[in-house]
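Written out below as structure tokens is the structure these notes cover.
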Amino acid sequence: MSKVAIIGSCITRDLWPIVGAEPSDLLYISRTSLPSLFARPLDGVQPGEEPPPSLGAFPHRAMVNDLKKRALAALVAHQPSHIIFDFIDERLDLLAVGDTIVTHSWELDVSGYLEQPAFDGARTIGRTSPACDLLWLQAADEMAAFLQATPLRDATLIVHEARWATHYLDEAGETQAFADEVEIFQGKPAVIADHNAMLDLYQPAFLQRVPDAARVAAPPELHLADCRHRWGLSPFHYVDDYYREVWCGLQALGV
């Protein structure tokens, strides 16, 4: 039986409920970025023992794990048979804070933690900036080395390749076009074409560094968003057939 870890987003985690399956032992690492995974823990941040009212337990824990840099140790401890990477959560900006980097997620934005002294002097590294590209490519090198230097070398590595949809199905099932610019979350605009260009850089660069990784992807016609998606309308909340297609690819790889 497979034992899966995901470093990615809901586009991979949603596969199981959408196809009517239940993972037996899944580690889901989200709301992070490769540069943040390999940075040092943020000193002085004081997460509460309970999530703030704006957050549920899992999103709060994911955000705290990004600040405290707990994900890589958890990944090794999980001893996965398969590790699935998708880079849709790489849409989030980074924050340079002192000598470390954290992910500027919606969860961090609403948590109130940004008001803590630990974040004094934090500066934004825009996700689609050349500086962020450089940091990400360096972290991809680190991830490739980390996978080889740990027992994770024995896991089946999979890259779930994806793109932001430019069109979606409305309530009547009719195809509509997204505006060129959408909101990642409130107050964080993003240009769809810019993020697809970023994925066109990230995905092959990662595969070049991890050449043994398998690839799964839905065909272009299924990169179609759906306003009836369980999480609402977004360029990366796809029609159900998208998930079924990717699921078939993962099943062929033993997931």
Cα-based equivalent ellipsoid, the range 73-114: semi-axes from gyration tensor eigenvalues, Å:
25, 14, 11
CD proxy at 222 nm, helix term only [per DSSP H run n ≥ 4: -39500 (n - 2.57); per residue of the chain; nearest 500]
-10500 deg cm²/dmol
Probe 1.4 Å, accessible area per residue of the range 33-158, Å²:
43 Å²
Extension length gain for D154 and V191 (0.36 nm per residue less Cα distance), in nm, is 9.5 nm
Can you give the Rg/Rh ratio of the chain, where Rg is from the C-alpha atoms and Rh is the Kirkwood radius?
0.94
How much of the accessible area of the chain, probe 1.4 Å, is carbon plus sulfur, in whole percent?
50 percent
DSSP-loop GluC sites (Glu not before Pro) across the range 121-230, with at most 10 other Cβ within 10 angstrom
E171, E174
What does the charge count around D170 come to, taking other residues whose C-beta lies under 10 Å from its C-beta (Lys +1, Arg +1, Asp -1, Glu -1)?
-2
Can you work out the FRET efficiency for the pair E174 and A21, with r the C-beta to C-beta distance and R0 = 35 Å, to the nearest 0.05?
0.70
Which FRET efficiency value, to the nearest 0.05, is calculated for T100 and R230 with the Förster distance at 35 angstrom and r the Cβ-Cβ distance?
0.55
When a/c reaches 1.5 or more, the comparison of a/b and b/c decides; with that in mind, is the range 135-255 rounded, prolate or oblate per its Cα gyration tensor?
oblate
Probe 1.4 Å, all chains present, heavy atoms only: Y113 accessible area in Å², nearest 10, is 20 Å²
In whole angstrom, and with the biggest value first, how far do the Cα coordinates of the range 1-118 range along each principal axis?
46, 29, 26
Semi-axes in Å, largest first, for the range 78-157 (Cα gyration tensor, √(5λ)) are 28, 15, 13
Suppose each label sits 7 Å from its Cα in the direction of the beta carbon; what would the M1-T166 distance come out to in nanometres?
4.4 nm
Once each part is reduced to its C-alpha centroid, what is the distance from the range 147-180 to the range 212-244 in angstrom?
6 Å
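The values are calculated or read from the model by the stated rules, or taken from the named source; none is laboratory data. Just so it is clear, the structure is predicted and the values come from calculations on it, not from any experiment. Backbone-built Cβ (ideal geometry, glycine too); neighbour counts: all protein chains shown. Quick note on the areas: whole protein, heavy atoms, side chains included, nothing else; ligands and nucleic acids left out. Shrake-Rupley method; radii C 1.70, N 1.55, O 1.52, S 1.80 Å.
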